[in-house]
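Novice: One structure coming up, written as structure tokens, with questions to follow.
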Amino acid sequence: MIRYIDRFAGVVPMTPRPKLIVSGAQTGVDRAALDAAAEVGVKAGGWCPKGRLAEDGQIPDRYPVRETDSSSYAERTERNVIDSDATLVLCCGRPAGGTALTIELARRHRRPVFVADPKEKKGIESVHSWLQRNNVAVLNVAGPRESAIPGIGKLARTWLVDLLKEQAPGLTEMKRLRMTAWADFGGPGSRGRCDDPDGGVPPAVPGNRK
């Protein structure tokens, strides 16, 4: 595992990411997930309807998905939910249609499900924490097709690339680690050290200076 070295917290594990991204390769969020995985070097796969059916015709060969025995979208949706550790739904507004079905199936099969808005970058840290808590190695990604929300594919791809990059811990976790390290180093209630580089002041967290 790659590690992040912080001056005060020491060597900190990088935020883990799934080993496999799964989707049905429909237009919109599905293909954004597979494209994002390819961009950052994460393996991808999943199930698609028989005949590689999608709203724009046949799913391009570059998407590594397997066909089910049926042309039903619902069957491939359920297979992707079952074969994954958890499901991430990206949606702008209230989930509907196949997106709502994905959420229902995830709950029915007792798989963790997280609904996020790809317009909100601040949600990425919450998803990182959710992935870590649930020890997600195989992540199913679902959401609206392109015709339902024009532009959702591009928006979701950018968001997912940021999510899937291996990153140092977010500011909340980094602050906790630094404050723990500072207490060990010479903070309140500790014996302290005369060579404290910040003169007894807690180390600042980047982006949190006044």
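Novice: Looking at Glu120, Glu78, can you tell me which residue is assigned to a helix (DSSP H, G or I) and of a type in the set (D, E, K, R)?
Specialist: Matching residue, one of Glu120, Glu78: Glu78.
Novice: Report yes if some residue within region 181-199 is exposed (fewer than 15 other Cβ atoms within 10 Å of the Cβ) and either at pLDDT 50 or above or within 22 Å of Ala38 (Cα to Cα) (or both); otherwise report no.
Specialist: Quick first cut of region 181-199, residues exposed (fewer than 15 other Cβ atoms within 10 Å of the Cβ) only: 183-184, 188-199.
With either at pLDDT 50 or above or within 22 Å of Ala38 (Cα to Cα) (or both) added as a condition, the list becomes none.
No.
Novice: Which one of these does Thr68 not meet: (1) in contact (Cβ under 8 Å) with a residue 60 or more places away in the chain; (2) surrounded by 13 or more Cβ atoms within 10 Å (Cβ to Cβ)?
Specialist: For Thr68, the failing item is (1).
Novice: Report, by residue number, each residue of region 106-162 that is buried (at least 22 other Cβ atoms within 10 Å of the Cβ), touching a Lys or Arg at 6+ places or on another chain (Cβ under 9 Å) and within 20 Å of Ala74 (Cβ to Cβ).
Specialist: Correct list: Asn140 only.
Novice: Further, regarding this structure: What do you reckon, is Arg76 farther than 22 Å from Leu160 by Cα, among the basic types (Lys, Arg) and in contact (Cβ under 8 Å) with a residue 24 or more places away in the chain?
Specialist: Values: farther than 22 Å from Leu160 by Cα: no; among the basic types (Lys, Arg): yes; in contact (Cβ under 8 Å) with a residue 24 or more places away in the chain: yes.
No.
Novice: Further question on the same structure: Here is a list: Val161, Val138, Val113. Which entry is more than 14 Å from Ala33 (Cα to Cα) and of a type in the set (Val, Ile, Thr)? Walk me through how you get there before you give the answer.
Specialist: On the way: Val161 fails: more than 14 Å from Ala33 (Cα to Cα); Val138 fails: more than 14 Å from Ala33 (Cα to Cα).
After applying the criteria, what remains is Val113.
Novice: Tell me, yes or no, whether region 135-156 has at least one residue that is in contact with a strand residue (DSSP E or B) (Cβ under 6 Å, 6 or more places away or on another chain), part of a helix (DSSP H, G or I) and either assigned by TED's automatic domain parsing to the domain that holds Leu90 or not aliphatic (A, V, I, L, M) (or both). Give the derivation first.
Specialist: Keep residues of region 135-156 that are in contact with a strand residue (DSSP E or B) (Cβ under 6 Å, 6 or more places away or on another chain), which gives 136, 138-143, 156.
Checking the rest, the ones that are also part of a helix (DSSP H, G or I) come to 156.
Applying the additional criterion that residues be either assigned by TED's automatic domain parsing to the domain that holds Leu90 or not aliphatic (A, V, I, L, M) (or both) yields 156.
Checked against the condition, which is being in contact with a strand residue (DSSP E or B) (Cβ under 6 Å, 6 or more places away or on another chain), part of a helix (DSSP H, G or I) and either assigned by TED's automatic domain parsing to the domain that holds Leu90 or not aliphatic (A, V, I, L, M) (or both), region 135-156 yields at least one hit.
Novice: Right, next: Would you confirm whether or not region 88-100 contains a residue that is surrounded by 15 or more Cβ atoms within 10 Å (Cβ to Cβ) and among the basic types (Lys, Arg)?
Specialist: Within region 88-100 (the criterion being surrounded by 15 or more Cβ atoms within 10 Å (Cβ to Cβ) and among the basic types (Lys, Arg)), the answer is no, since none of the residues qualifies.
The values are calculated or read from the model by the stated rules, or taken from the named source; none is laboratory data. Predicted model, so just to flag it, every value in this text is computed and none were measured. Every residue, glycine as well, gets a Cβ built from its backbone with ideal geometry; the counts of neighbours run over all protein chains shown.
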